[in-house]
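*Asks:* Below you'll find the structure I mean.
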Amino acid sequence: MKRERKFLDAIADVPDEMIEETEKRLTQTYSAKSKKRLLWLLPAVACLLLFAGAILWFALPGTRLQKKPKETPRLQAAAPIMEVSMPETYAFDDSETRWKIRDENPVEDSFTEGLLTFSYETASALLAEGEENVNYSPLSLYYALALAATGAEGETKEELLALLHVPDTDTLAAQCGNFFRLSYQDNEIGIRKIANSLWMDKDTAWKQGFIEGAAKNFYSSVFSMDLGSEEAAAAMSAWISEQTNGSLAPALSPDEESVLRLINTVTFHDEWVDRFNKEKTKPDSFTLSDGSSVTCDFMNRTYDSHGFSLGDGYTRSSLSLKNNTMVFILPDEGVSPQSLVDTPEKMREAFEGGEDYMGEVVWQVPKFDFASSLDLKETLNHLGVSSAFGADADFSGITDDAAFLSGVTQGTHIAVNEDGVDASAFTMIDYAGAAMPEGQADMRLTRPFLYGIIGTDGSLLFVGICENPAAN
């Protein structure tokens, strides 16, 4: 067995539900205080996105990261030696099956709150700096780290569990499995599919318990190949492309030292409940942070009676998709989006706080379509995950050989138009009835703003800052 090795691993996720039933279920999953904060979401219906892939790369001391190839490798199929059947799905209006799946896969309040806390902690650290477009999937990173944690021991495991806000790996695996099954959807209205795979070096022995747990709770197919070959890199790219309906086909590099790759994808598409009228889409000016402006297309709509919230330095409202909700937070004039998220507490306040109102809401939403890339290693170090990146890291639940994380990155994409929302994330962890009107809200998003994708259970699927909707 080689002295120096690398592992690659990936993961992500997202949940599901119909709006008319959201309020009913929130009474079961949230405290009274949390419900009050989330009530402003209920007049809307569901939202967007997400295609997410996560890759974890475990490396032994002395290894170096390979450069991304200039060209995408040739795509070709690979036959798994272990294949799993995906969870049951259902039609958009099949509430009986939906609630049956929910009843059979309980997700504890503590897990949901822990996931939300993790989302605010990591997103705050990532979004508070810079003045450019950024899109981040907390759920993708959570699942990537969760899968890594199921193979960790000692201090490494304790640090990961602390960040994930789960007491032990058994609870983590079981809750991730239940959340996975609740999230899976593929019907005539929307797609939210999660897929995972293990790519194992054919000459290396693996801990069977880790493989079985990955299959049971993360629905991972298992492939055995020479991971140092071009064929393996092409097959992995082909698998990602197939799982995401061709929306992503990353150029993966073959690596002779790589012994394991765990890859996750999440494909998401959703439609607005009330589609924007394309005839009302008009060009207008968007003012950038530096005072300059760009011209872009804006979608326009006015609601006579719509929910909104006013807080310290911001106005917040939401637009409904058919399965989730997209939230927009417009900072007051002179207030930057970054200042609203520079601590986890301030970010939670921006998404959940403020005074709730019902009244006329004028919407002017720029169409935007952009990608972003994030280096997450420093963020994880700052949040207490340090031993996993050192030579003393303990991932003995995966292999008896020493291994450590050498880097964590995430690439994402989001597109918003008159019909709905599409988005994707690719995380790579390198080892080495209307109420009486109460006012008016002007949601003219003509300057940098904060947005989020909220699941019907309150989880934060995606969050980002749009600094320039004209930038790709």
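*Asks:* Among the listed residues Asp274, Asp342, Asp304, Asp356, identify the single one that is among the acidic types (Asp, Glu), part of a loop (DSSP other than H, G, I, E, B) and more than 16 Å from Val416 (Cβ to Cβ).
*Replies:* One residue alone meets the criteria, Asp342.
*Asks:* So which pairs qualify, if the first residue must be in the stretch 403-420 and crowded, with 18+ Cβ neighbours inside 10 Å, the second must be basic (Lys, Arg) and at pLDDT 85 or above, the Cβ gap must be under 7 Å, and the two must be at least 6 apart or on different chains?
*Replies:* Pairs that qualify, where the first residue is crowded, with 18+ Cβ neighbours inside 10 Å and the partner is basic (Lys, Arg) and at pLDDT 85 or above, are Gly407/Lys377; Val408/Lys377; Val416/Lys367; Asn417/Lys367.
So that you can scan it fast, the table gives a plain yes or no per residue for (1) touching a Gly at 6+ places or on another chain (Cβ under 8 Å); (2) under 26 Å from Leu172 (Cα atoms); (3) of a type in the set (A, V, I, L, M); (4) buried (at least 22 other Cβ atoms within 10 Å of the Cβ):
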position	(1), (2), (3), (4)
Lys202	no, no, no, no
Trp206	no, yes, no, no
Phe223	no, yes, no, yes
Ser229	no, no, no, no
Ser237	no, no, no, no
Glu242	no, no, no, no
Leu248	yes, no, yes, no
Leu252	no, no, yes, yes
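*Asks:* Here's something else I'd like to know. Tell me, which residue of the stretch 274-287 that is of a type outside the set (S, T, N, Q) and open to solvent by 60 Å² or more (accessible area, probe 1.4 Å) is nearest to Leu330 (Cα to Cα)?
*Replies:* Kept after step one, since they are of a type outside the set (S, T, N, Q), are these residues of the stretch 274-287: 274-276, 278-280, 282-284, 286.
Still in the running and open to solvent by 60 Å² or more (accessible area, probe 1.4 Å): 274-275, 278-280, 282-284.
Numbers: Asp274: 21, Arg275: 21, Lys278: 23, Glu279: 25, Lys280: 21, Lys282: 20, Pro283: 19, Asp284: 17 Å.
Ranking the candidates gives Asp284 first.
*Asks:* Does Tyr143 satisfy the criteria of being under 13 Å from Leu374 (Cβ atoms) and within 16 Å of the chain's Cα centre (by Cα)?
*Replies:* Working: under 13 Å from Leu374 (Cβ atoms): no; within 16 Å of the chain's Cα centre (by Cα): yes.
Here the answer is no, as Tyr143 does not meet what is asked.
*Asks:* Does the stretch 177-224 hold any residues that are aromatic (Phe, Trp, Tyr) and either under 16 Å from Thr399 (Cα atoms) or in contact with a Lys or Arg (Cβ under 7 Å, 6 or more places away or on another chain) (or both), and which are they?
*Replies:* Residues of the stretch 177-224 that are aromatic (Phe, Trp, Tyr), as a first pass: 179-180, 184, 199, 206, 210, 218-219, 223.
Those that are aromatic (Phe, Trp, Tyr) and either under 16 Å from Thr399 (Cα atoms) or in contact with a Lys or Arg (Cβ under 7 Å, 6 or more places away or on another chain) (or both): Tyr184, Trp199, Trp206, Phe210.
*Asks:* Restrict the check to the stretch 124-131 and report whether at least one residue is closer than 24 Å to Gln175 by Cβ, of a type in the set (D, E, K, R) and surrounded by 14 or more Cβ atoms within 10 Å (Cβ to Cβ).
*Replies:* No.
*Asks:* Against the definition (under 24 Å from Ile453 (Cβ atoms), out of contact with any strand residue (DSSP E or B) (no Cβ under 8 Å at 6 or more places or on another chain) and either hydroxyl-bearing (Ser, Thr, Tyr) or open to solvent by less than 20 Å² (accessible area, probe 1.4 Å) (or both)), how does Ser320 come out, yes or no? Full working, then the answer.
*Replies:* Values: under 24 Å from Ile453 (Cβ atoms): yes; out of contact with any strand residue (DSSP E or B) (no Cβ under 8 Å at 6 or more places or on another chain): no; either hydroxyl-bearing (Ser, Thr, Tyr) or open to solvent by less than 20 Å² (accessible area, probe 1.4 Å) (or both): yes.
Answer is no for this residue.
*Asks:* List every residue pair whose Cβ atoms sit under 8 Å apart, with the two residues 6 or more apart in sequence or on different chains, where the first one lies in the stretch 139-158 and is open to solvent by 10 Å² or more (accessible area, probe 1.4 Å) and the second, anywhere, is hydrophobic (A, V, I, L, M, F, W, C) and at pLDDT below 90.
*Replies:* Within 8 Å, the pairs are Thr150/Phe210; Thr150/Ala214; Glu153/Phe395.
*Asks:* Counting only residues that are among the polar types (S, T, N, Q) and at pLDDT below 85, how many does the stretch 445-471 have?
*Replies:* Count: 2.
*Asks:* Checking Asp442 against (1) modelled with pLDDT of 85 or more; (2) open to solvent by 40 Å² or more (accessible area, probe 1.4 Å); (3) within 13 Å of Asn135 (Cβ to Cβ), which test does it fail?
*Replies:* (3)
*Asks:* Of everything in the stretch 171-195, what is surrounded by fewer than 23 Cβ atoms within 10 Å (Cβ to Cβ) and among the β-branched types (Val, Ile, Thr)? Give them in sequence order.
*Replies:* Listed by number, the residues that qualify are Thr171, Ile189, Ile191.
*Asks:* In the stretch 80-114, what count of residues is obtained for those that are part of a helix (DSSP H, G or I) and within 30 Å of Asp168 (Cβ to Cβ)?
*Replies:* In the first step, residues of the stretch 80-114 are kept if they are part of a helix (DSSP H, G or I); the result is 95-104, 109-114.
Filter again for within 30 Å of Asp168 (Cβ to Cβ), leaving 98-104, 109-114.
Residues that pass the stated criteria total 13.
*Asks:* Which residues, counting only those in the stretch 147-202, are among the hydroxyl-bearing types (Ser, Thr, Tyr) and assigned to a helix (DSSP H, G or I)? Steps first, answer last, please.
*Replies:* To start, the set of residues in the stretch 147-202 that are among the hydroxyl-bearing types (Ser, Thr, Tyr) comprises 150, 156, 169, 171, 183-184, 197.
Matches in the stretch 147-202: Thr156, Thr169, Thr171, Ser183.
*Asks:* Among Ala91, Ala125, which is in contact with an Asp or Glu (Cβ under 9 Å, 6 or more places away or on another chain) and under 16 Å from Ala162 (Cβ atoms)? Reasoning before the result, please.
*Replies:* Working: Ala91 fails: under 16 Å from Ala162 (Cβ atoms).
Residue meeting the stated conditions: Ala125.
The values are calculated or read from the model by the stated rules, or taken from the named source; none is laboratory data. Quick caveat, the model's predicted, so the values are computed rather than measured. So basically every Cβ, Gly included, is an ideal-geometry build from the backbone, and we count neighbours across all protein chains shown. For accessibility, only protein heavy atoms count, side chains too; no ligands or nucleic acids. Shrake-Rupley method; radii C 1.70, N 1.55, O 1.52, S 1.80 Å.
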